[in-house]
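Q: To start, I am sharing the structure in question, which I have written as structure tokens.
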Amino acid sequence: QVQLVESGGGLVQPGGSLTLSCAASGSIFRINAMGWYRQAPGKQRELVATITSSGSTNYAASVKGRFTISRDNAKNTVYLQMNSLKPEDTAVYYCNALIRRYSWSISQDYWGQGTQVTVSS
């Protein structure tokens, strides 16, 4: 089994900061890309940021310059540093990872359970 466990969500005032963490555990041979997605009420899930195993990053236009994605490969963990938060950043944030469980298996998508981020005064 593979699990992705997120932490770090909460309530923050506009302009504030939060850092999300997501740790992968279980039978893991290799983790390829990792990323963060979010889903606001009544909206579709959207990409926030991704990072490859070599550290290349990609951001949604709405968060570029405010959010930073990083990863610690030794800990199988991905982070999302969120600065200058806006009310429109309010959503459930989901961690995603493309994981190869064994040397002989293909990579598969795994998702965390989600963590709520609320930006409000």
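The values are calculated or read from the model by the stated rules, or taken from the named source; none is laboratory data. Keep in mind it's a predicted model, so treat the numbers as computed, not measured. Here Cβ is always computed from backbone atoms with ideal geometry, including for glycine, and neighbour counts include all displayed protein chains. Please note that ligands, DNA and RNA were not included when accessible areas were found on the heavy atoms of the full protein model with its side chains. Shrake-Rupley method; radii C 1.70, N 1.55, O 1.52, S 1.80 Å.
Q: Suppose every Lys and Arg Cβ carries +1 and every Asp and Glu Cβ carries -1, with no other charges. What dipole size does the chain come out with about its Cα centre, to the nearest 20 debye? Walk me through the numbers on the way to the answer.
A: On the way: 11 positive and 6 negative charges, 40 e Å.
Dipole about the Cα centre, nearest 20: 200 debye.
Q: Give the aspartates and glutamates whose C-alpha is closer than 15 Å to that of residue 43, dropping any in the same chain fewer than 8 places away, or say none.
A: 88, 89
Q: How would you classify the stretch 1-41 from its alpha-carbon gyration tensor, with a ≥ b ≥ c the square roots of the eigenvalues: rounded for a/c under 1.5, else prolate if a/b is greater than b/c, otherwise oblate? Please report the intermediate quantities before stating the final value.
A: Numbers: a/c = 2.69, a/b = 2.45, b/c = 1.10.
Taking the square roots of the gyration eigenvalues as a ≥ b ≥ c, the stretch 1-41 is prolate.
Q: If amide H atoms are built 1.01 Å from N in the plane of the peptide, which residues on other chains or at least 5 residues away come under 5 Å of the amide H of residue 53?
A: 33
Q: For a quick check: with amide H placed at 1.01 Å from N, whose amide H comes under 5 Å from residue 16's, ignoring anything fewer than 5 positions away on the same chain?
A: Here the answer is 85, since their amide H atoms fall under 5 Å of that of residue 16.
Q: Just the number, please: carbon plus sulfur as a percent of the accessible area of the stretch 3-121, 1.4 Å probe, no ligands or DNA/RNA counted.
A: Details: 3000 of 6210 Å².
Taking all protein chains in place, the stretch 3-121 shows 48 percent carbon and sulfur surface.
Q: Taking the highest mean first, how do the peptides 30-39, 109-118 order by number of other beta carbon atoms within 10 angstrom per residue? Intermediate values should be presented prior to the final figure.
A: On the way: 30-39: 19.8, 109-118: 16.3.
By packing density, highest mean first, the sequence is 30-39, 109-118.
Q: Continuing with this model, one more query. Classify the stretch 1-95 as rounded, prolate or oblate, taking a ≥ b ≥ c as the square roots of the eigenvalues of its Cα gyration tensor: rounded when a/c is under 1.5, otherwise prolate if a/b is larger than b/c and oblate if not. Don't jump to the answer; show the numbers that get you there.
A: Working: a/c = 1.83, a/b = 1.64, b/c = 1.12.
In terms of gyration-tensor shape, prolate.
Q: Still on this structure, I have one more. Excluding ligands, DNA and RNA, what is the solvent-accessible area per residue of the stretch 71-121 at a probe of 1.4 Å, expressed in Å²? If you can, show how the numbers build up before the last one.
A: Values: 2670 Å² over 51 residues.
With the other protein chains kept in place, the stretch 71-121 gives 52 Å² per residue.
Q: Let a ≥ b ≥ c be the square roots of the eigenvalues of the Cα gyration tensor of the stretch 48-98; is it rounded (a/c under 1.5), or, if not, prolate (a/b larger than b/c) or oblate? Don't skip to the end; give the middle numbers.
A: On the way: a/c = 2.12, a/b = 1.75, b/c = 1.21.
Taking the square roots of the gyration eigenvalues as a ≥ b ≥ c, the stretch 48-98 is prolate.
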